[in-house]
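The values are calculated or read from the model by the stated rules, or taken from the named source; none is laboratory data. Quick caveat, the model's predicted, so the values are computed rather than measured. Every residue, glycine as well, gets a Cβ built from its backbone with ideal geometry; the counts of neighbours run over all protein chains shown.
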Amino acid sequence: MDELTAPAQGIAATTRETARLVMLQHTVFALPFALISLITAAGTGWPSPAVWAWVALAMVSARTAAMAFNRLADHAIDAANPRTASRTLPAGRLSRGWVWGVVVASAAAFLVAAAELNRLCLALAPATLAVLLGYSYAKRFTPLAHLWLGVALGLSPIGAWIAVTGAIDWPPIVLATAVTTWVAGFDVIYSLQDEDFDRRNRLRSLPSALGGGRALVVARLLHVVACGGFAAFAILAGGGPLRFVAVAAAGCLLVWQHRLVSVNDLSRVDAAFFTTDGILSLVMGGLFVTAKVIAG
């Protein structure tokens with residue numbers, strides 16, 4: 001294994017490259033749903049400042065460990081794919097040893113956060129890490145890797161609920177199902193870019209297994225399920241105009257996402273993936289928080 005010291009470009013540049021490696025900005029996809037679950041689990045009150053802090057640390061550290069590990073697992077694949085060859089590891093801007101250090105430190109921080117929350121969080125933490133890290137190899141053996149990624153992000157509202165209540169309940173499971181199918185659907189869309197590469201390299205994705213057209217149909221069906229799940233959770237969370245507006249906005253954004261992409265035109269995949277999904281999570285999070293504040 002390479003040295004665990006920072007690469008030669010210096011601490012500031014290494015920090016920037018590490019943030020780029022784990023795509024820190026993509027935390028926006030899952031964090032608002034953990035927030036929604038957190039405030040709903042608290043009932044008429046609000047979580048304590050300590051719970052807020054430890055949940056935030058758990059979310060960021062778990063995702064950082066998963067993304068860094070994914071980059072290690074896919075190092076050779078990324079280097080061979082023209083679309084990803086310029087990523088941090090294939091381009092040599094960080095060493096594998098440094099990235100392993102990020103994985104270990106982040107996993108340790110996640111376990112500490114889980115232990116500080118409650119016993120059930122700690123008991124489930126190793127299995128959660130196994131799901132998160134295991135996703136990196138899913139594409140080697142199943143075209144359902146998109147759902148595995150969905151489950152990995154869908155665990156966040158369940159974990160946030162347990163952090164507050166110390167128990168598992170149906171509302172976070174409903175929200176987790178919605179998040180799982182939402183994420184799986186947009187991951188199918190994103191993977192359209194690599195359909196030919198995946199097929200040539202025996203990597204299993206829905207586009208490589210079914211073809212782009214059929215994969216898009218599956219993505220649409222997954223997003224229909226996601227909208228139903230968001231609506232069901234809104235009812236379980238207490239209903240009200242703002243929560244239902246949030247669900248309606250999510251539905252409109254998903255329709256827009258599918259209008260941006262077709263099998264014959266992938267030029268707007270980034271807009272479909274980053275823009276619409278980022279707006280969706282932020283709008284839902286913001287409106288659910290506002291509904292909670294108004295309710296007192």
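Results for (1) in a helix (DSSP H, G or I); (2) touching a Pro at 6+ places or on another chain (Cβ under 7 Å), shown as yes or no for each residue.
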site	(1), (2)
232	yes, no
238	no, no
249	yes, no
255	yes, no
259	yes, no
276	yes, no
281	yes, yes
290	yes, no
294	yes, no
Which one of these is hydroxyl-bearing (Ser, Thr, Tyr), crowded, with 19+ Cβ neighbours inside 10 Å and free of Cβ contacts under 8 Å to residues at least 60 places away in the same chain: 156, 106?
106
Please indicate, with yes or no, whether at least one residue in the range 22-40 is within 30 Å of residue 171 (Cα to Cα), crowded, with 18+ Cβ neighbours inside 10 Å and free of Cβ contacts under 8 Å to residues at least 40 places away in the same chain.
yes
Given (1) touching a Phe, Trp or Tyr at 6+ places or on another chain (Cβ under 7 Å); (2) farther than 20 Å from residue 148 by Cα, where does residue 226 come up short, assuming only one miss?
(2)
Can you report the number of residues in the range 9-34 which are within 14 Å of residue 63 (Cα to Cα), small (Gly, Ala, Ser) and either part of a helix (DSSP H, G or I) or touching a His at 6+ places or on another chain (Cβ under 7 Å) (or both)?
2
How many residues of the range 271-296 are surrounded by fewer than 16 Cβ atoms within 10 Å (Cβ to Cβ) and among the polar types (S, T, N, Q)? The answer is 2
Do we find a residue being under 14 Å from residue 281 (Cβ atoms), in contact with a helix residue (DSSP H, G or I) (Cβ under 9 Å, 6 or more places away or on another chain), of a type in the set (Gly, Ala, Ser) and modelled with pLDDT of 95 or more anywhere in the range 47-59?
no
So residue 269 ticks every box in (1) in contact with a Lys or Arg (Cβ under 6 Å, 6 or more places away or on another chain); (2) at pLDDT below 95 but one. Which box is left unticked?
(1)
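For (1) assigned to a helix (DSSP H, G or I); (2) charged (D, E, K, R); (3) touching a residue at least 24 places away in the same chain (Cβ under 8 Å), each residue gets a yes or a no:
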residue	(1), (2), (3)
127	yes, no, no
139	yes, yes, yes
142	no, no, yes
161	yes, no, yes
188	yes, no, yes
Of the residues in the range 163-186, those that are assigned to a helix (DSSP H, G or I) and among the small types (Gly, Ala, Ser) come to 163, 176, 178, 184, 185
Just to check your reading of the model, which residue among 132, 94 is outside any helix (DSSP H, G or I) and surrounded by 21 or more Cβ atoms within 10 Å (Cβ to Cβ)?
94
With the structure loaded, tell me whether residue 170 is within 11 Å of the chain's Cα centre (by Cα) and surrounded by fewer than 23 Cβ atoms within 10 Å (Cβ to Cβ) or whether it fails that test.
no
Regarding residue 150, is this residue in contact (Cβ under 8 Å) with a residue 12 or more places away in the chain, assigned to a helix (DSSP H, G or I) and either among the small types (Gly, Ala, Ser) or within 18 Å of residue 59 (Cα to Cα) (or both)?
yes
Looking at the structure I just gave you, is residue 209 touching a helix residue (DSSP H, G or I) at 6+ places or on another chain (Cβ under 6 Å) and either closer than 16 Å to residue 42 by Cα or part of a helix (DSSP H, G or I) (or both)?
no
Over the range 209-247, the set of residues free of Cβ contacts under 8 Å to residues at least 60 places away in the same chain, closer than 23 Å to residue 287 by Cβ, crowded, with 16+ Cβ neighbours inside 10 Å and of a type in the set (Gly, Ala, Ser) is 226, 228, 229, 231, 232, 234, 240, 246
